[in-house]
Amino acid sequence: WIAYEYLPGPSLAKLIAKGPLEPARALGAGAQIAHALHHAHQKGVLHRDVKPDNVVEVERDRYKIGDFGIAKWSGAGEVHTRTGLVVGSPAYIAPELIAGGRASARSDIYALGISLYEILTGRPPFDSLNIMDVLQGHLKGTAPPLSEVRPGIPAPLSQRVERAMDREPSRRHASAAELA
C-alpha cells in the first residue's frame, strides 16, 4: 500500500479552470512536477495517471504530485496494459498504452507533456466529449501547435512540451529530469 500526505490546496486543474497559467508560472510548475516524476522513476515507480487534477499547489508556486492510486513498480516485472483496457485518464494517456503496450517513464512524460499543454492553453490538445475521439487523437492526431493556440509562449518552452507529447516514445525526453 501507499500512504499519502494530506495536501491542502487547489489542484492545478482548479487553477487552470480560471484560465491558463502564465508561461513563467507554468514553467515552474512543470519543472517541479518533472523533478518529482524523475524521483519516483528512480525509485522504480511509474505514476500512470499524471494530470492537472493529480497535482496540488501546496502553497503559491509550490506543487506536489498526488494520487499514486494506479502506480506500478517498474521493477516488479513487465507493466503492461491489456488490449482493450485503458488505465489512466483518457485525455492524458500515452498512445503506446492505448495500444496495449508497456508502461514506462516515457509514458508518464507524455502525460506530463499533455498536462503542460493544458496548463499553458487552458485545455488538453485532444478535447472531445467522445472518448473514442480523444483516444484516436492520441493515436493518430496532431495537437494544434502551442504557438497557434496561445501566441507568445516562448519557442523553447513550446518545443519541450511538444517533444514530451511526441507519439513515438523514443523521440520523447529520455527522462523527466531531461524535460525539467
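The values are calculated or read from the model by the stated rules, or taken from the named source; none is laboratory data. None of the values given here were measured: they were computed from a predicted structure. Cβ: placed from backbone, ideal geometry, glycine included. Neighbour counts: every protein chain shown. Note: areas computed on protein heavy atoms with side chains; ligands, DNA, RNA excluded. Shrake-Rupley method; radii C 1.70, N 1.55, O 1.52, S 1.80 Å.
Is region 95-116 home to any residue that is open to solvent by less than 50 Å² (accessible area, probe 1.4 Å), within 14 Å of the chain's Cα centre (by Cα) and farther than 15 Å from ASP49 by Cα? Within region 95-116, none of the residues are open to solvent by less than 50 Å² (accessible area, probe 1.4 Å), within 14 Å of the chain's Cα centre (by Cα) and farther than 15 Å from ASP49 by Cα. From the set of residues in region 117-165 that are in a helix (DSSP H, G or I) and among the acidic types (Asp, Glu), which is surrounded by the fewest Cβ atoms within 10 Å (Cβ to Cβ)? The extreme case among them is GLU148. For SER107, state whether it is farther than 16 Å from LEU27 by Cβ and of a type in the set (Ser, Thr, Tyr). For SER107, the condition - farther than 16 Å from LEU27 by Cβ and of a type in the set (Ser, Thr, Tyr) - is met. In region 38-92, of all residues being at pLDDT below 90 and acidic (Asp, Glu), the one that is nearest to LEU112 (Cα to Cα) corresponds to ASP49.
Restricting the first member to region 156-173 and to residues that are more than 16 Å from ALA34 (Cβ to Cβ), and the second to residues that are open to solvent by less than 40 Å² (accessible area, probe 1.4 Å) and among the hydroxyl-bearing types (Ser, Thr, Tyr), the beta-carbon pairs closer than 8 Å and six or more apart or on different chains are PRO169/SER104; PRO169/SER107; PRO169/TYR110.
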